1. What single numbered condition from (1) part of a helix (DSSP H, G or I); (2) under 23 Å from the mean Cα position of the chain (by Cα); (3) among the small types (Gly, Ala, Ser) fails to hold for Ala174?
2. Quick one: how many residues across the range 144-176 are open to solvent by 20 Å² or more (accessible area, probe 1.4 Å) and within 18 Å of Leu211 (Cβ to Cβ)?
3. Looking at the range 66-85 only, could you name the residues that are in a helix (DSSP H, G or I) and open to solvent by 40 Å² or more (accessible area, probe 1.4 Å)?
4. When the range 272-283 is examined, which residues are found to be within 21 Å of Asp228 (Cα to Cα) and either over 34 Å from the mean Cα position of the chain (by Cα) or not hydrophobic (A, V, I, L, M, F, W, C) (or both)?
5. Mind telling me which of the residues Tyr297, Tyr286 ends up being farther than 30 Å from Asn160 by Cβ, without any contact (Cβ under 8 Å) to a residue 60 or more places away in the chain, open to solvent by less than 20 Å² (accessible area, probe 1.4 Å) and over 27 Å from the mean Cα position of the chain (by Cα)?
6. Just to be sure I understand, how many residues within the range 113-138 are open to solvent by 60 Å² or more (accessible area, probe 1.4 Å) and either more than 24 Å from Gly187 (Cα to Cα) or not in a helix (DSSP H, G or I) (or both)?
7. Of everything in the range 12-65 that's of a type in the set (S, T, N, Q) and open to solvent by less than 50 Å² (accessible area, probe 1.4 Å), which residue is modelled with the highest pLDDT?
8. Out of the range 93-107, which residues are open to solvent by 20 Å² or more (accessible area, probe 1.4 Å) and either within 21 Å of Gln55 (Cβ to Cβ) or at pLDDT below 95 (or both)?
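The values are calculated or read from the model by the stated rules, or taken from the named source; none is laboratory data. Every value quoted in this text rests on a predicted model; they were computed, and no experiment measured them. Here Cβ is always computed from backbone atoms with ideal geometry, including for glycine, and neighbour counts include all displayed protein chains. Ligands, DNA and RNA are stripped out before the accessible areas are found, and what is left, the full protein with its side chains, is counted by its heavy atoms. Shrake-Rupley method; radii C 1.70, N 1.55, O 1.52, S 1.80 Å.
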Amino acid sequence: MVRRCAFGLLVLLLLLAGCQQRAPIDLEALKGRALAGDASAFRELIELLAFSERQLNDKVYPLIIELGEPAIPFLLAEVNTTDRIRREHVIAALGTLKVAQGVEPIGRVLGDRSLQRRYVAAWALGEIGDPRGIPFLLPALADENSEVQRYAVRALIKFNREAVAPLLAFLETASVQAVSGAVRALGDIGDPRALPALLQRAGGPSRQEVLHALGKLKDPRAEAVLIDGLNDADWQSRMNAAMSLGALGGPAAALALEKAVEDEVLVVREWAARSLEMISGRHVEYRNEQGEYVLPYNIYH
């Protein structure tokens, strides 16, 4: 009797599973209806973004991008959906289509720390490129999620000089964690307005990032700070200082790099040799792990 009941339950579960299988979907037909202005077709396509079985949403996503502007109102209506997979695809689509109307709702998603994989929102704000997205990205530099931080930095870099003034104002009250991200963004943007703020923080907890960013600004006024960095107790700070001096150093930097070529850490020695070559115009050897003096790999600074 027990076996019969168990068998019957198994059959029932299999029947239910069969009923729940999604019927074949004619995406081309849905696309055609959408092109004809059928609102329900747009809604169905966006609903399908939640389904990853057999990579269905990966097939639907490019169709929505191809439909373009007519799909925007339907995408905007789903930014706050509770379905995580659909939300990510919707936000990505708004970013790809550079929808300025999406900045505020996407920004709110980025700020909701209860949501997972919010880095997609930071990416989308960078793709959209509307300056109204910058105030949403700045707090994300202090996010506990490292992916969110990383994508926020990348997005701010995309804004280029438009982000410099907001970043500099943000630095005045930012946490240590957020300062590191802001400094990385300012370094990659390379605007000279950032120099005083970077020099001011060269002795602080974000010293590694500052020494690296100063090299990207390529301003000779940073030379003394970078030379001092060659004597830092932290080898990563010494490495960043050696790396940066090649882009802006003069005779004083060359003299300091001559000593750094004999640093106890291999990567510091290699970067010192590479930067010294950039300044002096002559080949400079450094001591490798085997104790042999060799030329550094020829890579771009």
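1. Ala174 satisfies every listed condition except (1).
2. Within the range 144-176, the subset open to solvent by 20 Å² or more (accessible area, probe 1.4 Å) is 144-147, 149-151, 154, 157-158, 160-162, 165-166, 168-170, 172-176.
Imposing the further condition that a residue be within 18 Å of Leu211 (Cβ to Cβ) reduces the set to 176.
The number of residues fulfilling the criteria is 1.
3. Just the residues of the range 66-85 that are in a helix (DSSP H, G or I), to begin with: 66-67, 69-76, 84-85.
Selection gives Glu66, Glu69, Pro70, Pro73, Phe74, Leu76, Arg84, Ile85.
4. Narrowing the range 272-283 to residues within 21 Å of Asp228 (Cα to Cα): 272-280.
Matches in the range 272-283: Arg274, Ser275, Glu277, Ser280.
5. Numbers: Tyr297 fails: open to solvent by less than 20 Å² (accessible area, probe 1.4 Å).
Step by step, each of Tyr297, Tyr286 is checked, and only Tyr286 is farther than 30 Å from Asn160 by Cβ, without any contact (Cβ under 8 Å) to a residue 60 or more places away in the chain, open to solvent by less than 20 Å² (accessible area, probe 1.4 Å) and over 27 Å from the mean Cα position of the chain (by Cα).
6. The total comes to 4.
7. Step one: of the range 12-65, the residues of a type in the set (S, T, N, Q) are 20-21, 40, 52, 55, 57.
Imposing the further condition that a residue be open to solvent by less than 50 Å² (accessible area, probe 1.4 Å) reduces the set to 40, 57.
Details: Ser40: 97, Asn57: 94.
The selected residue is Ser40.
8. Thr96 - this is the single residue of the range 93-107 that is open to solvent by 20 Å² or more (accessible area, probe 1.4 Å) and either within 21 Å of Gln55 (Cβ to Cβ) or at pLDDT below 95 (or both).
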